[in-house]
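The values are calculated or read from the model by the stated rules, or taken from the named source; none is laboratory data. Note that the structure is predicted; figures quoted are calculated from it, not measured. When we count neighbours, we look across all protein chains shown, and the Cβ atoms used for this are built from the backbone with ideal geometry, even at glycine. Just so you know, the surface numbers come from the protein's heavy atoms only, side chains and all, with ligands and any DNA or RNA stripped out. Shrake-Rupley method; radii C 1.70, N 1.55, O 1.52, S 1.80 Å.
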Amino acid sequence: MAFYLASGCMGCEMAVVDSLHRIFDGFESFEIVWSVPMFTSSRYDELDSIPDGHIDVTIIEGGVGTGEVKDIVTKLRKKSKKIIALGTCAVFGGVPALAAFHTVDEITGEVFSKTRPEKQVVHDGKYILKLPEMEIQKPLDEVVGVDHYLPGCPPKPEVIVDLFSNLKNLKEKWIISGKSVCSFCPRSPVNSGETQASASDVERVVSESEENACLLYEGVLCSGFITIGDCGADCLKIDVPCRGCYGPLPDVEDAGGKMIDVLSIVLTDEAAEALLSEYREFGKIFYIYRRSLLKGGEP
Amino acid sequence: MTEIVGFACKWCAYRAIDLAGRLKLKYPESIKIIRVPCSGRVDAETVMKAFRLGFDGVFIAGCPENECHYISGNSIAKRRVKLLKKLLHSLNIEPARLEFVEISSTDAVKFADFAAEFHRRIEGLTRR
């Protein structure tokens with residue numbers, strides 16, 4: 001096996017650690033041949049000595065956000081029989097993919113202001129240190145082929161336990177239940193038999209909503225209906241609307257479009273006006289956790 | 001060449017477009033019409049797809065206010081286009097490339113006028 005933290009936050013690998021006591025036995029039948037930066041202390045150059053197709057399963061967390069990551073995942077693809085994209089960043093681009101709404105220059109300018117670092121520095125007169133070239137974050141499968149997708153921000157430890165116990169006979173491309181967050185939501189109108197309501201105002205947080213009423217019908221921007229529900233609707237159980245962290249269901253072609261489809265039915269004209277006047281732009285609300293297809297490539 | 005796709009509801013707008021043809025009214029050949037059961041059924045996702053496929057402009061033509069065959073389809077479409085324009089803006093697509101228009105089934109002239117105006121408007125924008 002191999003593990004690699006690409007342009008992610010390490011949350012998904014921590015979720016693997018969280019479930020480690022339950023998957024420890026499974027690890028006995030596997031050897032971790034290369035792993036950065038968790039589990040072993042492998043180096044980049046050690047990857048070159050692994051023969052092509054030698055690694056059975058490579059688990060990659062995070063999308064592709066720098067040239068360095070791109071090189072490593074391309075190498076890993078050659079060396080591995082199977083690649084599993086772990087977590088929403090690897091599967092959909094994740095929150096960092098919001099970078100697609102800006103250019104690389106804008107982002108580095110915002111972060112480093114005028115003191116932009118040199119692309120290459122010579123340390124102690126002999127060590128050449130190169131900064132990896134930043135790119136707009138992409139999901140893994142825009143760079144290399146991915147065999148299995150396991151979204152989540154991070155995926156629940158139980159799901160990871162399932163993944164490791166089935167590691168040798170994975171068949172489905174998507175390692176998900178295929179149900180939306182609404183299917184698990186205690187507020188789902190299906191449970192209460194409630195018919196469609198018209199929201200007259202728009203909010204992003206739950207204020208004094210009726211207990212167990214569908215948040216969307218109350219005018220709260222909840223993206224549960226397009227979101228993969230393997231989280232078990234945990235947020236909804238504590239009155240937090242779904243932000244879509246597991247990413248859209250595989251048959252959702254354009255998450256932003258789908259949100260608008262439903263909002264234009266649920267919201268009244270006044271609520272739609274409120275939405276338009278309260279938010280300066282929609283892109284970063286509707287495409288959070290998932291990359292917009294329209295923006296693909298150069299901005 | 002400019003390519004525009006228009007979704008026309010079969011009860012009003014499409015009939016007006018049909019009538020425009022029978023009256024031999026001219027409209028720009030950049031416009032391709034797709035007949036739909038109701039303007040309210042044109043998904044925002046479909047519109048996004050049209051832009052992704054490279055269409056320069058998209059319009060949804062429905063019934064005049066309060067004359068929808070399905071009660072509220074046209075008002076849904078109208079609202080959807082309004083919201084969608086803002087999303088398009090975030091995606092670096094000029095909101096002017098998308099429009100909702102109400103055309104009654106006998107108003108062929110309105111369609112021809114709208115088509116010419118919309119084509120001119122899209123031509124005036126920088127190419128996608």
Report task. Run the 1.4 Å probe and let me know the accessible area of residue A:52, rounded to the nearest 10 Å². Result -> 100
**Report entry** Long-range HN-HN contacts of residue A:135 with modeled amide H, under 5 Å
**Finding:** A:66, A:67
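What ranking of B:70, A:44 comes out by heavy-atom accessible area, probe 1.4 Å, highest first? Let's see the in-between values first.
Numbers: B:70 110, A:44 80 Å².
Greatest to least solvent exposure: B:70, A:44.
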Query raised in the report: What length, rounded to one decimal in nm, is gained on full extension from residue A:279 through to residue A:81, with 0.36 nm per residue of separation minus their alpha-carbon distance?
Result: 66.7 nm
**Report entry** Per-residue SASA entry for residue A:133, accessible area with 1.4 Å probe, Å² rounded to 10
**Finding:** 100
Report summary line: Whole-Hz Karplus couplings 3J(HN,Hα) for segment A:173-184, θ = phi - 60° and coefficients 6.51, -1.76, 1.60, Gly and Pro as x, run 5, 9, 8, 9, 6, x, 9, 7, 4, 4, 4, 10
Report summary line: Toy charge model, Lys and Arg Cβ at +1, Asp and Glu Cβ at -1: the protein assembly as shown dipole around Cα centroid in debye, rounded to 20, equals 1360
Query raised in the report: Between residue B:121 and residue A:45, what is the spin-label point distance in nm, taking each point 7 Å from the Cα along the Cα→C-beta axis?
Result: 6.2
Query raised in the report: For the residue pair residue B:23 and residue A:106, what label-to-label distance in nm results when each label sits 7 Å from Cα along the Cα-to-beta-carbon direction?
Result: 4.5
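Please compute the net charge surrounding residue B:109, taking Lys and Arg as +1 and Asp and Glu as -1 over other residues with Cβ under 15 Å from its Cβ. Don't skip to the end; give the middle numbers.
Values: positive: B:15, B:22, B:24, B:26, B:110; negative: B:18, B:102, B:107, B:113, B:117.
Surrounding charge for residue B:109 is 0.
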Requested in this report: Report the label-to-label distance for residue A:74 and residue A:24 in nanometres (one decimal), using points 7 Å from each Cα along the Cα→Cβ vector.
Outcome: 4.1
Requested in this report: Provide the solvent-accessible area of residue B:1, counting protein heavy atoms only and rolling a 1.4 Å probe, rounded to the nearest 10 Å².
Outcome: 140
Query raised in the report: Using a Gaussian network for chain A with springs between C-alpha atoms less than 10 Å apart, which of these wobbles most: A:100, A:197, A:233?
Result: A:197
**Report entry** Sum of -39500 (n - 2.57) over DSSP H runs of 4+, divided by residues of chain B (222 nm, nearest 500)
**Finding:** -13500 deg cm²/dmol
**Report entry** C-alpha center-to-center spacing [segment A:88-127, segment B:70-123] in angstrom
**Finding:** 39
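If you restrict to DSSP beta bridges whose two residues both lie in the protein assembly as shown, what percentage is antiparallel, to the nearest 5? Spell out each step's value before the answer.
Values: 10 of 45 bridges.
Percentage antiparallel, nearest 5: 20.
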Query raised in the report: Top to bottom by accessible area (1.4 Å), largest first, where do A:80, A:277, B:75 land?
Result: A:277, B:75, A:80
Requested in this report: Please go through the residue pairs A:81/A:119; B:49/B:78; A:81/A:130; A:237/B:82 and name each one whose alpha carbons sit more than 24 Å apart in this structure.
Outcome: A:81/A:119; A:81/A:130; A:237/B:82
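Given 37 °C and 0.692 mPa s, how large is the Stokes-Einstein diffusion coefficient of the protein assembly as shown in µm²/s, with Rh as the Kirkwood radius over Cα pairs?
Numbers: Rh = 24.1 Å.
After rounding, the answer is 136 µm²/s.
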Query - Heavy-atom accessible area order for A:78, A:173, largest first, 1.4 Å probe - result: A:78, A:173
